[in-house]
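The structure appears below as C-alpha cells.
The values are calculated or read from the model by the stated rules, or taken from the named source; none is laboratory data. Everything numeric here is computed off the predicted structure, so don't read it as measured data. Note: ideal-geometry Cβ built from the backbone for every residue, glycine included; neighbour counts use all protein chains shown. For accessibility, only protein heavy atoms count, side chains too; no ligands or nucleic acids. Shrake-Rupley method; radii C 1.70, N 1.55, O 1.52, S 1.80 Å.
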Amino acid sequence: MEKRALFSNKLLPYMLLVPQLIITLVFFYWPASQALWQSFLLEDAFGLSSEFVGFENYRTLFQQPEYYRAMVTTAIFSSAVAVLALSCALLLATQADKKLKAAQAFKTFLIWPYAVAPAIAGVLWIFMFHPTLGTLARPIKATGVDWNPMLNANHAMLLLILSATWKQISYNFLFFLAGLQAIPKSVIEAAAIDGSGPIRRFWTIVFPLLSPTTFFLIVVNIVYVFFDTFGIIDAVTGGGPAGRTTTLVYKVYADGRLGGDLGGSAAQSVILMVIVIALTAVQFKFVERRVQY
Amino acid sequence: MAGVTLDTVRKVYAGNVEAVKGVSLGIEDGSFCVLVGPSGCGKSTLLRMIAGLETISGGAIKIGDRVVNEVEPADRDIAMVFQNYALYPHMSVYDNMAYGLKNRGTPKDEIEKRVKEAARILAIEPFLDRKPRALSGGQRQRVAMGRAIVRKPQVFLFDEPLSNLDAKLRVQMRVEIKRLQRALGVTSVYVTHDQVEAMTLSDKLVVMSGGQIEQVGTPADVYRRPETRFVATFIGSPPMNILPGKVEGPGRVSVGGQMVNVTDMREGLAPGSAIEVGLRPEDVQAGTTGNSTLTMDVDFVEELGATQLFHGKVAGAEFVVQASTGQLAADTRSLTLAVDPQNVHLFDPQTTKRLGRQI
C-alpha cells in the first residue's frame, strides 16, 4: 500500500473540491433537475403558460409507435457500432503491438479521426456518399447497387454506422493498445513455449487478459452511440428518411426543439438518463467483480 | 533426454551491438549447467536463444542431434521457468500446469495424472483451484516449476528463477531445484547473476563476461583455478584480493617488498616484471608460520557471526581477511598473514589471464 498524503488543514480539501463540485452542479444536476421537473409539465406552443400534468407526458410517450421504433433503431445502431468499432480497433491494436517499423506513424494516423468533431465527420461522410455528389457513390452505383441513403433507410443506417464507427475506432484503439502493452511479454513467451500458436494464444491468453479493457470500452461505446452520435446523425440524415434513423437522443431534439413538445422531450431525456445511469452501474459492478483477474 | 550443443553462437542486435560473441559450449545429457555473470554479459540472451525466443545471428544450437536454429519454441521440446514466473493470471493453478499439455492434445486423464503428480512432488496440491494472485511468491515459483515438469521436456531452462524471492526462501528453493533436477535427470540450463547459486547448483559452471565465456568447469575447478582475473574476483565471496606484485624468480614473487612463494607459477617469467597476485580472504592465515608472510594494516572489522572480515590494506591495496570469530582480537590494528604457496593465484596485468603452470 502506498502512503497517502494527509492534510492537517480541515478546510483545504473542501476548497480543492469546490471547482469540480460547482461544475457538476451547474452543468449536470441543475439541468437534470430542470428536465425532471419539465417532464411533469405541459406547455403551450408559445411557451406562455405551463400546467402540471403528472405522468401524462410519459403516458403519451409510451403510446407512440415512433418511440418504440426509435428504441429499436437505437438498439440496432448502438450494437452495430459497438461491435464494429471494438473489433476493428482490436484488430488494429494487435497489429500495432507487433514490432512494425512504422508503428509510431501508424498509431498517429489512427488517432487522428478522434480529433474530428462529430458534425464535421458527418459532413465528410455525406460528401463521399451523397447519392448525386458523393465521390464514392458513383463507383458504388457503377456496380449496379441503387445507392441512395437519402431515400433508402437501410443505406442511411449503414452510412451512419460506418461514420460513427470510423470516429470511435481511434478511442478504442488507444485503450486496446495500452491494454495489450500492459500484458507481460514473458506470459506470451511462456504460452509460445507451451505450444500455443499465435491465434490460439490470442484467444486463450491475450483476449481474457484484455477483458477489463473490453468491458470498459463496451460501456463507453454504448454511451457514445447513445449521445455523442447526435452530430453525425444531424449532419448525415437528419433522422430521416421518414424518421427511420431517429435514435432516442435524436428524438429528444426533434420533439423538443423542432416539434416544440418540451414536456415530452424532457420525459424522454429523463428515461435516457435512467438508462445511462443503469448502464454505468452495471459496468462498475461487473468490472469490479468478475473481470478482475 | 538430450544434451545441448552451442557452436560459435552469436547474437547481434540492431545497431551492431554484439550481445553474444561466438560462444561454443557442450552441455551433457542430464547435467545441470549454470551460466553466471554480471548483468549485460549475454547469459540471458544465450538462454533465450536456446529457448527460441531470440533469433540466432550466427552459429548453431543443437538439442540432441537436431539443429534448432529455425525451430519454433513450441517444437524444441523445452520448458522454461521465467524470472517473474509468467503464470497465466486468469487461469487456476491446475489450468496453468495443464495448458501446455492441452495445446499438445494430451488426453484428459493423462493431463490430470501428470498435473496431480507434479503438484504432489512440489507440494502445491492444496492450491490447484486457486488463481496465481492468491499465492505467495514461493508458491508461484513452485507452480512455474510444475508447469515445466508436467511437460516432461528434453531440457529445462531457468532464467534467474529465484531472484524475486526473499533470501531464506531462495536458499530453500535452491535446494529443491537441485533435488528435483537430480530426481528427474533432465538436462538443465540455469541463468543467474548470483555466484553462490551458481556454485551450489551446477555440475558445469560457465562464467560469462562481455558476451563471451570466461571459463567452463566444475564449480570446484573454477573456484580453485580461476583462468582469468575476472573469474577470480567474480566467483567466491568475499571476492579474491588482488595485489600488485613483481616477479622475483621461479616460484617467487614480491608484494611491496615482501617475498611470497608460489606453487602454481608459469616458467620463464622475466624477473622484475609486474604481476598481479590473487589471494582469497579465506586462504590466508593470521599468524607467523611458514616462510611467506604479508603485513596488513586493519581499518575495520565486519561481524558475520561465525566469521569476521578484517578490512584493511596490504602494500597500499585493499585487502580482506576472513577469520573465525574469536581467533583474532576485534581491535587488532595490524596483522601478519601467513600465505600458503598453494593458495597464490597469479595473473598477467595486461591480458588478465592466469599465469599458472602450463598443463
Discussion item. Cβ-Cβ distance below 6 Å, separation of 6 or more or different chains: which pairs start in the range A:265-283 with a residue that is farther than 20 Å from A:TYR68 by Cβ and end on one that is open to solvent by less than 30 Å² (accessible area, probe 1.4 Å)?
Written reply: A:GLN283/A:VAL219
Discussion item. I'm trying to understand the selection: among the residues of the range A:179-217, which are open to solvent by 60 Å² or more (accessible area, probe 1.4 Å) and either more than 8 Å from every other protein chain (Cβ to nearest Cβ) or aliphatic (A, V, I, L, M) (or both)?
Written reply: A:GLN181, A:ALA182, A:LYS185, A:PRO198, A:ILE199, A:TRP203, A:PHE207, A:PHE216
Discussion item. When you check A:LYS99 against the structure, is it at pLDDT below 80 and touching a Phe, Trp or Tyr at 6+ places or on another chain (Cβ under 9 Å), yes or no?
Written reply: no
Worksheet item: Taking the condition in a loop (DSSP other than H, G, I, E, B), among the polar types (S, T, N, Q) and within 20 Å of B:GLY249 (Cα to Cα), does B:GLN342 pass?
Response: no
Discussion item. Please count how many residues of the range A:226-268 are of a type in the set (A, V, I, L, M) and over 14 Å from A:ALA164 (Cα atoms).
Written reply: 9
Worksheet item: Based on what the data block shows, is B:VAL36 buried (at least 23 other Cβ atoms within 10 Å of the Cβ) and of a type in the set (Val, Ile, Thr)?
Response: yes
Worksheet item: Mind checking whether some residue in the range B:202-217 is in contact (Cβ under 8 Å) with a residue 12 or more places away in the chain, within 29 Å of B:GLN139 (Cβ to Cβ) and either of a type in the set (Gly, Ala, Ser) or not assigned by TED's automatic domain parsing to the domain that holds B:LEU269 (or both)?
Response: yes
Discussion item. Looking at the range A:136-156 only, could you name the residues that are part of a helix (DSSP H, G or I) and open to solvent by 40 Å² or more (accessible area, probe 1.4 Å)?
Written reply: A:ARG138, A:PRO139, A:ILE140, A:LYS141, A:ALA142, A:ASN154
Discussion item. Go through the range B:131-177 and report how many residues are within 12 Å of another protein chain (Cβ to nearest Cβ) and not in a loop (DSSP other than H, G, I, E, B).
Written reply: 11
Discussion item. Please verify whether A:LEU133 is among the aliphatic types (A, V, I, L, M) and either under 26 Å from the mean Cα position of the chain (by Cα) or outside any loop (DSSP other than H, G, I, E, B) (or both), treating the condition exactly as stated.
Written reply: no
Item to complete: Tell me which of these B:ALA338 doesn't satisfy, since it passes every other one: (1) in contact (Cβ under 8 Å) with a residue 40 or more places away in the chain; (2) small (Gly, Ala, Ser); (3) surrounded by 16 or more Cβ atoms within 10 Å (Cβ to Cβ).
Response: (3)
Worksheet item: Out of (1) at pLDDT 90 or above; (2) more than 20 Å from the chain's Cα centre (by Cα); (3) more than 14 Å from chain A (Cβ to nearest Cβ), what's the single condition that is false for B:LEU53?
Response: (3)
Practice prompt. Quickly run through the range B:300-327 and pick out the residues that are open to solvent by less than 30 Å² (accessible area, probe 1.4 Å) and assigned to a loop (DSSP other than H, G, I, E, B).
Written response: none
Discussion item. I need the full set of residues from the range B:74-93 which are charged (D, E, K, R) and facing chain A (nearest Cβ under 7 Å), in order please.
Written reply: none
Fill in: Pairs, first within 10 Å of chain A (Cβ to nearest Cβ) and within 17 Å of B:ALA74 (Cβ to Cβ) in the range B:94-109, second assigned to a helix (DSSP H, G or I) and of a type in the set (S, T, N, Q), C-beta under 8 Å, six or more apart
B:TYR99/A:THR204
Worksheet item: So, in the range A:196-235, of the ones that are part of a helix (DSSP H, G or I) and among the polar types (S, T, N, Q), which residue ends up farthest from the chain's Cα centre (by Cα)?
Response: A:THR204
Item to complete: Go through B:ARG120, B:ARG182, B:ARG130 for me and flag whichever is closer than 11 Å to B:TYR94 by Cα and either open to solvent by 50 Å² or more (accessible area, probe 1.4 Å) or basic (Lys, Arg) (or both).
Response: B:ARG130
Worksheet entry | Positions within the range B:63-97 being of a type in the set (A, V, I, L, M, F, W, C), over 17 Å from B:LYS152 (Cβ atoms) and surrounded by fewer than 20 Cβ atoms within 10 Å (Cβ to Cβ), in sequence order | B:VAL67, B:VAL71, B:MET91
